[in-house]
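Quick notes on the structure that follows.
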Amino acid sequence: MSPEKAPRAPRTRARIVRWAVLASVLAAITVIGYLHQTAGTGRPAGVDALCPFGGLETAYALVTSGFLLKRVAISGVILLVAALAVAVVFRRSFCGQICPLGFLQEMFGGLGRRVFKKRPVMPTWLDRPARYLKYVVLVVFIGLAWTTADLAIRPYDPWVAYMHLTSAEVFAEFSIGFAVLVAAVVGSFVYDRFFCKYLCPMGATLGLISKFSIFKVRRTTTTCIDCKACDIACPVNINVSEAETVNSPECINCNECVTACPVKDTLAMSTSGGKRLSALGTTVAVVAVFAIIVGGATVAGSFEWRTPSLAQEAGAGRGNGAGSEGADGDTALIGDFDVSLIKGRTTLTEVSEVTGIPASMFQRVLGVPESEQGLPLKDTKGTYGFSPEDVRTMVELYRVDPAAAEAYIPLGSSEE
Ligand code: SF4
Ligand code: SF4
């Protein structure tokens, strides 16, 4: 008796929905990254606040001292919790169903397949040891983050570089991360999911958990016709046709093998007890878990979608009685204000709000018109020849004697 064919429509639908989810996340994160770089006060949070690996880097500091590492927001921890929760049930679904960097690689992998007419495979002698590299990356950078309380991976992180593509910082600060990003997409053109396979520390973390996940890809050997369609479809080159249960920590739970299998009920995402979930059902369940956790945190006010303003960072808002009366009549906090909080991403509008230095003084001393004072300092300093350090000095002088601040001559520097 010939095996019953698996209907094509549900398989195609499942693939389209997965790609639509991945494409939406990539588009949303790209817009957030662009706005973070270009918008002024109240702009969206940056990449460090929206990365589950940032959550892992800050975990030790959070548990031992109750503080988050600099640049990391609680949102990163919430995303980490969501990725881990999903991994317990659905393996590395974060990689296969949500991760924007994963999708970027998959797009280039698809392009490469069209060019090469097949999925090239890295020689085994090189592929096997290279897959352990991501665990080394994980141990080194988590070790550094936990011992130095710093985001050690930041300069080398391709996703940080991607989120700074519209900023001059991408070459000034993240040139290595940019090179890794190029390697990830060019590498994926030849070997799909190149970064996921060999370098991603987040994938390594989830891969370790996925060994114990509830749902795994399982093959019914009695109906399998050994056509190898599953092997060809797998972006991480797992030989699905040789396994009864895919236990490999490399599996990103993309379900490409399941949707490629031409025989009904032969390959499925299932529990060891035989409970099955369709490819579409898996995507819906993974998205639902993320939506519930991130949506719930947003409603509860815990998820930081926006970069905190300078006043929030200074630990106080305007008009709380802690400040002095600024020259423009606003209540300011210049007495307590820590000038080191003024960074390249700070705007003069924020400095003016917090310190009471009038916008007109910034225009006279730094030459920045009031209409451009809502832009981050890093975007105006080049045009007007000053540096964030000049702004800090102005605040220090203004604190003592506003006339000295008015007479200040900016030095400018290559800083930030
Ligand atoms: S085994 Fe299947 S689900 Fe796992 S990565 Fe390969 S194609 Fe995706
Ligand atoms: S796709 Fe894989 S599991 Fe399905 S019949 Fe072919 S070899 Fe067997």
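The values are calculated or read from the model by the stated rules, or taken from the named source; none is laboratory data. None of these values were measured; they are calculated from a predicted model. A quick note on method: Cβ atoms are made from the backbone with ideal geometry, for glycine too, and the neighbour counts reach across all protein chains shown.
Scanning region 255-266 for residues that are over 31 Å from the mean Cα position of the chain (by Cα) and in a loop (DSSP other than H, G, I, E, B) gives Cys261, Pro262, Lys264, Asp265, Thr266.
Residues of region 237-247 that are more than 8 Å from ligand 2 (Cβ to nearest atom) and touching a residue at least 12 places away in the same chain (Cβ under 8 Å): Asn237, Ile238, Ala243, Glu244, Thr245, Val246, Asn247.
From the list Asn253, Asn239, Asn247, the one residue that fits, being touching a Gly at 6+ places or on another chain (Cβ under 7 Å) and either surrounded by fewer than 20 Cβ atoms within 10 Å (Cβ to Cβ) or at pLDDT 95 or above (or both), is Asn253.
Restrict the check to region 220-231 and report whether at least one residue is within 16 Å of ligand 2 (Cβ to nearest atom) and buried (at least 22 other Cβ atoms within 10 Å of the Cβ). Yes, region 220-231 has at least one match.
Take the conditions (1) at pLDDT 95 or above; (2) farther than 21 Å from Ala14 by Cα; (3) not hydrophobic (A, V, I, L, M, F, W, C); Thr220 misses just one of them, which is (2). For region 114-132, the candidate set comprises residues that are assigned to a helix (DSSP H, G or I) and basic (Lys, Arg); within that set, the residue that is nearest to Ala204 (Cα to Cα) is Arg131.
For first residues located in region 139-159 and over 15 Å from Leu101 (Cβ atoms), partners that are among the small types (Gly, Ala, Ser) and outside any helix (DSSP H, G or I) and lie 6+ apart or on another chain with Cβ distances below 9 Å form the pairs Val140/Ala152; Phe141/Ala152; Ile142/Ala152; Gly143/Ala152; Leu144/Ala152; Ala145/Ala152.
The rows are residues; the columns are (1) within 23 Å of Met107 (Cα to Cα); (2) among the aromatic types (Phe, Trp, Tyr); (3) surrounded by 15 or more Cβ atoms within 10 Å (Cβ to Cβ).
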| residue | (1), (2), (3) |
| --- | --- |
| Thr166 | yes, no, no |
| Ser188 | yes, no, yes |
| Tyr191 | yes, yes, yes |
| Lys211 | no, no, no |
| Arg218 | no, no, yes |
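With respect to the conditions (1) within 11 Å of ligand 1 (Cβ to nearest atom); (2) more than 26 Å from Leu199 (Cβ to Cβ); (3) in a loop (DSSP other than H, G, I, E, B), Met269 lacks only one, and its number is (3).
In the set Leu80, Leu84, Leu69, Leu56, only one residue is touching a residue at least 12 places away in the same chain (Cβ under 8 Å), closer than 24 Å to Phe195 by Cβ and not in a helix (DSSP H, G or I); that residue is Leu69.
Every residue in region 57-107 that is aromatic (Phe, Trp, Tyr) and more than 30 Å from Arg119 (Cβ to Cβ), please. Result: Tyr60, Phe67.
Could you tell me whether region 288-311 includes any residue that is within 13 Å of ligand 1 (Cβ to nearest atom), out of contact with any strand residue (DSSP E or B) (no Cβ under 6 Å at 6 or more places or on another chain) and not polar (S, T, N, Q)? The answer is no, given that none of the residues of region 288-311 is within 13 Å of ligand 1 (Cβ to nearest atom), out of contact with any strand residue (DSSP E or B) (no Cβ under 6 Å at 6 or more places or on another chain) and not polar (S, T, N, Q). Among the residues of region 202-236, those that are within 12 Å of ligand 1 (Cβ to nearest atom) and without any contact (Cβ under 8 Å) to a residue 60 or more places away in the chain comprise Val217, Arg218, Arg219, Ala229, Cys230, Asp231, Ala233, Cys234, Val236. Inside region 237-266, can you point out the residues that are charged (D, E, K, R) and within 9 Å of ligand 1 (Cβ to nearest atom)? Within region 237-266, Glu250, Glu256 qualify.
Every residue, every condition in (1) closer than 19 Å to Val354 by Cα; (2) assigned to a helix (DSSP H, G or I); (3) not basic (Lys, Arg), yes or no:
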| position | (1), (2), (3) |
| --- | --- |
| Gly382 | no, yes, yes |
| Glu389 | yes, yes, yes |
| Met394 | yes, yes, yes |
| Tyr398 | yes, yes, yes |
| Ala403 | yes, yes, yes |
| Tyr408 | no, no, yes |
| Gly412 | no, no, yes |
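The set of residues in region 93-149 being loosely packed, with under 14 Cβ neighbours inside 10 Å and within 29 Å of Ala28 (Cα to Cα) consists of Leu111, Arg114, Val115. Residues in region 187-215 that are basic (Lys, Arg) and in contact with a helix residue (DSSP H, G or I) (Cβ under 7 Å, 6 or more places away or on another chain) were compared, and the one that is farthest from Lys118 (Cα to Cα) is Lys197.
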